[in-house]
Structure formats: structure tokens, C-alpha cells
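S.K.: Just dropping this structure here.
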Amino acid sequence: MKKIAVLGAGSYGTATAYHLAKKYENDANYSICIYARDKKIVEEINRDHTNKKYTQTPLPHNLVAHDNLQQAVDKADYTIMGVPAQSMRSVAKELAPIIRHKTIIINLAKGLEVGSFKRMSQIISEELQAVKHLCSITSLGGPAFSKDIFAHHPIGVALGGKNNKILHEIRLLFDTETFDVKITKDVIGVELGGALKNVFGIMAGIMSGTDMGSSINGDYLTRSIVDMKAIASFMGARRATLDGRAGLGDLAITCTEGSRNFRFGREFAKQHQKNSSLPIDELLQNTLEALNIKTVEGFYTLDPLYQLCESINMFVPIVNNLYKMLYKNDCSPEEAVHRYRIRDKIRSREARLTISRVLSFLFPRIWYRRERGFFGVKNL
Ligand SMILES: NC(=O)C1=CN([C@@H]2O[C@H](COP(=O)(O)OP(=O)(O)OC[C@H]3O[C@@H](n4cnc5c(N)ncnc54)[C@H](O)[C@@H]3O)[C@@H](O)[C@H]2O)C=CC1
Ligand SMILES: O=C(CO)COP(=O)(O)O
């Protein structure tokens, strides 16, 4: 008997548990449980087989819910981390004394920790380092909206981890006719792809909310992936991973209506248009209330991402202007877009100079790691 424990009964945790419970509905060799800290959700799942706060889809009867973490992870062969990035450390801390030593961990969260710039697998392994023989920590990335999982729509995701055998095992665990998992040893690339695309998705939403037409979307996508690759490769990811599902693939759907990050950016731009004199905290609060959502990973990841870029003197105009707008109320949505585009134009012009080409070839990092253009153009 194989036991799968999903921690976090929000939108994605429930969708993942649903997918696995459906797959193994008639297979007595698998048991699937989900952990929620909210007792009411646990009761609802066990009694009515629904989780209406997050989905209207009925849940299979073989999915059992617990409000006790120890009960959920007891003897689990697979532990799936479905809580948001900023809750990851506290949940991993709670797990340390109770987790089964040989469990395989699959992280679903897409973000960087505020204050440390750390990725999810780094946080989990830090908190569980005292657990002897801990099998493996993997991360699932790539484009997948929970509503598409509930609808059995086709999904193609990416799984990163260090151990090939375990990656294959998880691929088979999830694999169905509609759900496909590609594996890679580049866990850094998978995690950074997921964390960064959330930030860049917010700016796509800002542009949609400021009514700039739709042609800009294609330009924005190409600019974003160049920047995402530069940041990720600086942090040790393979650039090719960012070209795949975990990077470009996930960015593409995060720049659409289906994404909370995109909707957050769009609504923020509208709230700003309505009353630009409000303090930033109020604007952000109104934005979240209008959307009735809590988890906007890109907003939280923007802070450590900006700090990281600052610490290595890497100037990324989209990140820089998004941060100044959302954290400092330093510019309007229109200005933020205008500024990043001007900076981008200057950079492209510079890139045509032979000296720039030679320098960017010889010192690709320095090409980004500078505040000013070669002609001393002010940093916008
Ligand atoms: N919703 C989606 O379509 C997708 C979400 N993700 C990622 O999955 C992660 C979770 O997102 P969602 O499920 O959508 O968010 P959500 O807001 O729908 O649910 C998060 C759940 O985690 C629970 N939670 C938070 N802190 C907790 C703690 N300390 N202990 C126990 N439970 C806790 C909350 O009560 C809530 O039920 C995010 O990092 C997101 O980027 C990834 C792919 C798709
Ligand atoms: O990661 C996701 C899709 O792959 C979900 O994105 P949002 O959190 O922006 O909805």
C-alpha cells in the first residue's frame, strides 16, 4: 500500500489531491489524504466530499481529510507540499519531528522566501536537515491551473529533482492520459521559472489594466523571458529549462486572465486609476478585496527578487519598476510600463554597438549588472 499525503487544502493542493485520488479511485494499493488546518474544510471533505471554497467539482470518496498534520503524514510514501511559499518554512518546521524518514517530497509552491531569497526546496531541506535518510525533495512546476486539473483538461508540467529514479517514479505516479510530467535534474530552473513568472505576470496584468491594446503582449513576453533567463542562470539554473514548460510555458499562461497574478496586476491598475492618491497599503488592500483572493505569490516574491537584484547590482527594468510602483508607490502603472520600455529601448540600441556585443559576449553578467547605459543615460 502506498500512501500519498497532500498538505494544504487550497486551490492547488485540492486539485492535486483530486487528480491523484481520481487516478487511484479503484486501486486499493494507494491511499490519498489531504491536510487542512481549517476543521470546517476537513469536515466538509469527509462528510460531503466537496471543498466549495475552492472548487465546485465533487471530490472522490477515497480522498480523506485530516486536520492533524501528524496523522496526515504518518507512514506517507509521498508528501506533497501545497501551501503558499511564505508558509513553507513553518509547515516544514512542523514536519521535521514527525515526517517519515523515507518519504518523497514534492513541492508545489512557486515563490521565493521574503528576507532570504531562498527557493522552496532549499527551505524544506534546511528545516528537515536533521531527518536522517530523507529520500528526496522535488518541485513540480510548469503551466497548470487548478481549474484545468478539475476539468481533466490536458496538462503538461515539469518536475525537477536530483535523483533520476525518484523523478521517474513521481512521473508515473501522476501520469494519466491528460496529465503529462516532464522530468529534469535542474530543480533550480524549475523553481525559479515558477517563482519569476508570477512576478512578470503581474506586470502583464498592469498593462492589461492600463488599456495598452494587445500587441504589446507579445513584445512583453519576449522581453520577460530574456530577463527571467538572465536572473535564473545567474542563480544557477540552466537557461534551457526556462525555455521549456517551467519558464516560458508557465509565463505564457500567467500572462492571461486565468492567472491570479495577472488579475492582481490588472485590478491594481484599475484601483490606481480610480484613486491614485490613496496610500499604497490601501490600494493593495482594495485590489485584493475586489478580487477576493489571498494568494498572489508574485507580489511576495517581488520583494526578495528586487533585493536579490540589488545585492548583485543586476538591473532588470521590469522588476525594478514593478517594485517601485507596488512597494514604494513611486510611480503610476502607466509610468512603470513607460519606464521599463524606455530602458529596454536604450539597452537594445546599445546592444547593436560592436563594443556592446563584445562585452556582453565576454561578460554576460556585467551586461545586466550595471545601473547605467554606456552613455550615462539615467537609470529609469
Ligand atoms: N492555484 C493554482 O492553479 C496553482 C497554484 N500553484 C502554487 O501552489 C501554491 C498554493 O497555491 P494555491 O493552492 O492556489 O493557494 P490557495 O490560496 O488557494 O490555498 C492555499 C492554502 O494553504 C493553506 N495554508 C496556508 N498556510 C498554511 C499553513 N501554515 N498550514 C496549513 N495550511 C496553510 C491556506 O489555508 C489555503 O487553504 C502557491 O505557491 C501557488 O503558486 C502552482 C500551480 C497552480
Ligand atoms: O502557477 C500557476 C499556473 O501554472 C497559477 O498561477 P496564478 O497563481 O497566477 O493563478
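S.K.: Select, from Ile225, Ile206, Ile253, Ile202, the only residue that is under 30 Å from Glu25 (Cβ atoms), in contact with a Gly (Cβ under 9 Å, 6 or more places away or on another chain) and not assigned by TED's automatic domain parsing to the domain that holds Lys147.
M.R.: Working: Ile225 fails: under 30 Å from Glu25 (Cβ atoms); Ile206 fails: under 30 Å from Glu25 (Cβ atoms); Ile202 fails: under 30 Å from Glu25 (Cβ atoms).
When all the criteria are applied, what remains is Ile253.
S.K.: In the range 39-47, is there at least one residue being more than 16 Å from ligand 1 (Cβ to nearest atom), of a type outside the set (Phe, Trp, Tyr) and closer than 19 Å to Thr178 by Cβ?
M.R.: No; the residues of the range 39-47 include none that is more than 16 Å from ligand 1 (Cβ to nearest atom), of a type outside the set (Phe, Trp, Tyr) and closer than 19 Å to Thr178 by Cβ.
S.K.: Here are Leu63, Leu134: which of them is away from ligand 1 (no atom under 14 Å from the Cβ) and either at pLDDT below 95 or within 18 Å of the chain's Cα centre (by Cα) (or both)? Lay out the reasoning, then the answer.
M.R.: On the way: Leu63 fails: either at pLDDT below 95 or within 18 Å of the chain's Cα centre (by Cα) (or both).
So the residue among Leu63, Leu134 that is away from ligand 1 (no atom under 14 Å from the Cβ) and either at pLDDT below 95 or within 18 Å of the chain's Cα centre (by Cα) (or both) is Leu134.
S.K.: Right, Val42: modelled with pLDDT of 95 or more, more than 19 Å from Lys147 (Cβ to Cβ) and in contact with a Cys (Cβ under 8 Å, 6 or more places away or on another chain) or not? Even if it seems obvious, please write down each step before you answer.
M.R.: Numbers: modelled with pLDDT of 95 or more: yes; more than 19 Å from Lys147 (Cβ to Cβ): yes; in contact with a Cys (Cβ under 8 Å, 6 or more places away or on another chain): no.
Judged against the criteria, Val42 is not a match.
S.K.: Quick check on the range 286-296. Is at least one of its residues in contact (Cβ under 8 Å) with a residue 24 or more places away in the chain, within 16 Å of ligand 2 (Cβ to nearest atom), part of a helix (DSSP H, G or I) and over 17 Å from the mean Cα position of the chain (by Cα)?
M.R.: The answer is yes, given that some residue of the range 286-296 is in contact (Cβ under 8 Å) with a residue 24 or more places away in the chain, within 16 Å of ligand 2 (Cβ to nearest atom), part of a helix (DSSP H, G or I) and over 17 Å from the mean Cα position of the chain (by Cα).
Residue-wise test of (1) in contact with a strand residue (DSSP E or B) (Cβ under 7 Å, 6 or more places away or on another chain); (2) surrounded by 15 or more Cβ atoms within 10 Å (Cβ to Cβ); (3) under 30 Å from Ala290 (Cβ atoms); (4) at pLDDT 95 or above.
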{"site": "Thr138", "(1), (2), (3), (4)": "yes, yes, no, yes"}
{"site": "Pro154", "(1), (2), (3), (4)": "no, no, no, yes"}
{"site": "Phe174", "(1), (2), (3), (4)": "yes, yes, no, yes"}
{"site": "Val187", "(1), (2), (3), (4)": "yes, yes, no, yes"}
{"site": "Phe200", "(1), (2), (3), (4)": "no, yes, yes, yes"}
{"site": "Gly209", "(1), (2), (3), (4)": "no, yes, yes, yes"}
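S.K.: Here's a follow-up. If the requirement is being more than 17 Å from the chain's Cα centre (by Cα), surrounded by fewer than 22 Cβ atoms within 10 Å (Cβ to Cβ) and more than 16 Å from ligand 1 (Cβ to nearest atom), which of these qualifies: Ala269, Ala230? Before you say what the answer is, go through the steps one by one.
M.R.: On the way: Ala269 fails: surrounded by fewer than 22 Cβ atoms within 10 Å (Cβ to Cβ).
Of the residues listed, the single one that is more than 17 Å from the chain's Cα centre (by Cα), surrounded by fewer than 22 Cβ atoms within 10 Å (Cβ to Cβ) and more than 16 Å from ligand 1 (Cβ to nearest atom) is Ala230.
Residues are listed down the side, and each one gets a yes or a no for (1) surrounded by 20 or more Cβ atoms within 10 Å (Cβ to Cβ); (2) of a type in the set (A, V, I, L, M); (3) in a helix (DSSP H, G or I):
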site: Leu278; (1), (2), (3): no, yes, no
site: Leu305; (1), (2), (3): yes, yes, yes
site: Asn320; (1), (2), (3): yes, no, yes
site: Met325; (1), (2), (3): yes, yes, yes
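S.K.: Within the bounds of the range 141-148, is there any residue that is more than 12 Å from ligand 2 (Cβ to nearest atom), surrounded by 18 or more Cβ atoms within 10 Å (Cβ to Cβ) and either in a loop (DSSP other than H, G, I, E, B) or touching a residue at least 40 places away in the same chain (Cβ under 8 Å) (or both)? Show your work before the answer.
M.R.: Step one: filter the range 141-148 for residues more than 12 Å from ligand 2 (Cβ to nearest atom), giving none.
Looking for residues that are more than 12 Å from ligand 2 (Cβ to nearest atom), surrounded by 18 or more Cβ atoms within 10 Å (Cβ to Cβ) and either in a loop (DSSP other than H, G, I, E, B) or touching a residue at least 40 places away in the same chain (Cβ under 8 Å) (or both), one finds none in the range 141-148, hence no.
S.K.: Taking the range 156-172 only, how many residues are more than 13 Å from Ile105 (Cβ to Cβ) and buried (at least 19 other Cβ atoms within 10 Å of the Cβ)? Quick ask: steps written out before the conclusion?
M.R.: Kept after step one, since they are more than 13 Å from Ile105 (Cβ to Cβ), are these residues of the range 156-172: 156-158, 164-165, 168, 171-172.
From what is left, the residues that are buried (at least 19 other Cβ atoms within 10 Å of the Cβ) are 157-158.
Adding up the residues that qualify gives 2.
S.K.: For residues that are buried (at least 24 other Cβ atoms within 10 Å of the Cβ) and more than 16 Å from ligand 1 (Cβ to nearest atom), tally how many sit in the range 233-265.
M.R.: So the count comes out to 3.
S.K.: To continue, here is another question. If you check Ala151, Ala158, Ala109, which single one turns out to be aliphatic (A, V, I, L, M), within 13 Å of the chain's Cα centre (by Cα) and more than 10 Å from ligand 1 (Cβ to nearest atom)? Explain how you work it out, then say what you get.
M.R.: Numbers: Ala151 fails: within 13 Å of the chain's Cα centre (by Cα); Ala109 fails: more than 10 Å from ligand 1 (Cβ to nearest atom).
The conditions single out Ala158.
S.K.: Oh, and also: Which residue pairs have Cβ atoms under 6 Å apart, sit 6 or more places apart or on different chains, and have a first residue in the range 192-208 that is polar (S, T, N, Q) and a second that is within 10 Å of ligand 2 (Cβ to nearest atom) and modelled with pLDDT of 95 or more?
M.R.: If the second residue must be within 10 Å of ligand 2 (Cβ to nearest atom) and modelled with pLDDT of 95 or more, the pairs left are Asn198/Lys110; Asn198/Asn261; Asn198/Glu297; Asn198/Gly298.
S.K.: Is the range 212-219 home to any residue that is within 17 Å of the chain's Cα centre (by Cα) and touching a residue at least 12 places away in the same chain (Cβ under 8 Å)? It would help to see each step written out before you state the result.
M.R.: Let us first name the residues in the range 212-219 that are within 17 Å of the chain's Cα centre (by Cα), namely none.
Looking for residues that are within 17 Å of the chain's Cα centre (by Cα) and touching a residue at least 12 places away in the same chain (Cβ under 8 Å), one finds none in the range 212-219, hence no.
S.K.: Which ones in the range 82-103 are of a type in the set (A, V, I, L, M, F, W, C) and surrounded by fewer than 17 Cβ atoms within 10 Å (Cβ to Cβ)? Steps first, please.
M.R.: To start, the set of residues in the range 82-103 that are of a type in the set (A, V, I, L, M, F, W, C) comprises 83, 85, 88, 91-92, 95-96, 98-99.
Residues satisfying the conditions are Ala96, Ile98.
S.K.: Report those strands (runs of 3 or more DSSP E) wholly inside the range 7-95 carrying at least 1 residues which are within 16 Å of ligand 2 (Cβ to nearest atom). Steps first, answer last, please.
M.R.: Details: elements: 30-35, 63-66, 78-81.
Where strands (runs of 3 or more DSSP E) fall fully within the range 7-95 and carry at least 1 residues being within 16 Å of ligand 2 (Cβ to nearest atom), they are 78-81.
The values are calculated or read from the model by the stated rules, or taken from the named source; none is laboratory data. Bear in mind that the values here come from a model prediction, so they are computed numbers and not experimental data. Positions of Cβ are backbone-derived with ideal geometry, glycine not excepted, and every protein chain shown enters the neighbour counts.
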